[in-house]
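*Asks:* Structure below; questions to follow.
The values are calculated or read from the model by the stated rules, or taken from the named source; none is laboratory data. Quick caveat, the model's predicted, so the values are computed rather than measured. Quick reminder, even Gly has a Cβ in these numbers, built from the backbone with ideal geometry, and neighbours come from all protein chains shown.
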Amino acid sequence: MAIRIRIAAPLRPLTGGRDEIQASGASVGEVLESLETLHPGFAANIFENGQIRRFFSFYLNGEDIRFLAGLHTPVSDGDVLSIIPAIAGARPST
Amino acid sequence: MLRIPEPLLLQVLAHCEDGYPAECCGAFLGRVRDGERAVEEAHPLTNVNRERPRDRYEADPRELLALERKARENALSVVGFYHSHPDHPERPSATDTERAWPGYSYLIVSVREGRATGWRSWVLEEDPRRFVEEPITGSAA
């Protein structure tokens, strides 16, 4: 299954500056793993010990994959997977 | 460099003042040219940190997803973010640095007693990981 993956700015150096790439696989996890071949270093940035780093959210066709089947969520041709970095911070401690 | 038209900067400052004493945050849509981020739109984002909204912020990821979509539809990108430091200087905290991403501008607004008193923009450098201040200009490119 070929799907489109939308890449936020922090990850674009790993995709040659492209904001959208295509990849194949039967599930979200397979698709993401396949990216390592096409874009070395990509998987290392988003996985930690086989799990998605907590500072990323993944949306398949607008649905948070945590509320689907996570990395096991099946994908279909034409699906769109968006990778959203967590934006957070804090004011200085007093 | 962060290039932001004055009306948009004023919009950001007003949002940060209105939200005081909580931390406020938002995103910039625009274009990147020669390493310069030119802001064309500023959008408030909901701070979803419910436990410590006065000294922490966490932008609603669903709103950010919607903004990414809107940016794409208008041939723009998310080029940066802003957040306020209520009653603290407009310098990045250790947590800001820890949670930041390269490739974005981070505008920090100091709000004291409900008034925006200072604002500076920062970009993350890696190796070593640190924020470096970038100039802000309001003039057109």
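*Asks:* Among the numbered criteria (1) at the interface with another protein chain (Cβ under 10 Å from one of its Cβ atoms); (2) without any contact (Cβ under 8 Å) to a residue 40 or more places away in the chain, which one does residue B:80 miss?
*Replies:* Tallying (1) at the interface with another protein chain (Cβ under 10 Å from one of its Cβ atoms); (2) without any contact (Cβ under 8 Å) to a residue 40 or more places away in the chain, residue B:80 fails exactly one: (2).
One line per residue, one yes/no per condition, for (1) surrounded by 15 or more Cβ atoms within 10 Å (Cβ to Cβ); (2) at pLDDT below 90; (3) under 22 Å from residue B:60 (Cβ atoms):
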site	(1), (2), (3)
A:33	yes, yes, no
A:38	no, yes, no
A:42	yes, yes, no
A:47	yes, yes, no
A:53	no, yes, yes
A:57	yes, no, yes
A:62	no, no, yes
A:65	yes, no, yes
A:68	yes, no, yes
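*Asks:* Is there a residue in segment B:95-105 that is crowded, with 20+ Cβ neighbours inside 10 Å, closer than 20 Å to residue B:7 by Cα and out of contact with any Cys (no Cβ under 9 Å at 6 or more places or on another chain)?
*Replies:* yes
*Asks:* Return the residues of segment A:61-94 that are within 27 Å of residue B:48 (Cα to Cα), of a type in the set (A, V, I, L, M) and more than 11 Å from every other protein chain (Cβ to nearest Cβ); say none if nothing qualifies.
*Replies:* A:65, A:68, A:69, A:71, A:81
*Asks:* Additional query: Among residues belonging to segment B:61-77 that are more than 9 Å from every other protein chain (Cβ to nearest Cβ) and not in a helix (DSSP H, G or I), point out the one that is nearest to residue B:40 (Cα to Cα).
*Replies:* Checking each candidate, the answer is B:76.
*Asks:* Among the candidates B:51, B:58, which residue alone is more than 8 Å from chain A (Cβ to nearest Cβ) and surrounded by fewer than 24 Cβ atoms within 10 Å (Cβ to Cβ)?
*Replies:* Being more than 8 Å from chain A (Cβ to nearest Cβ) and surrounded by fewer than 24 Cβ atoms within 10 Å (Cβ to Cβ) holds for just one of B:51, B:58, which is B:51.
*Asks:* Hey, another quick one. Checking residue B:85 against (1) more than 8 Å from chain A (Cβ to nearest Cβ); (2) out of contact with any Phe, Trp or Tyr (no Cβ under 8 Å at 6 or more places or on another chain); (3) surrounded by 23 or more Cβ atoms within 10 Å (Cβ to Cβ): exactly one of these is not met. Which one?
*Replies:* All conditions pass for residue B:85, except number (1).
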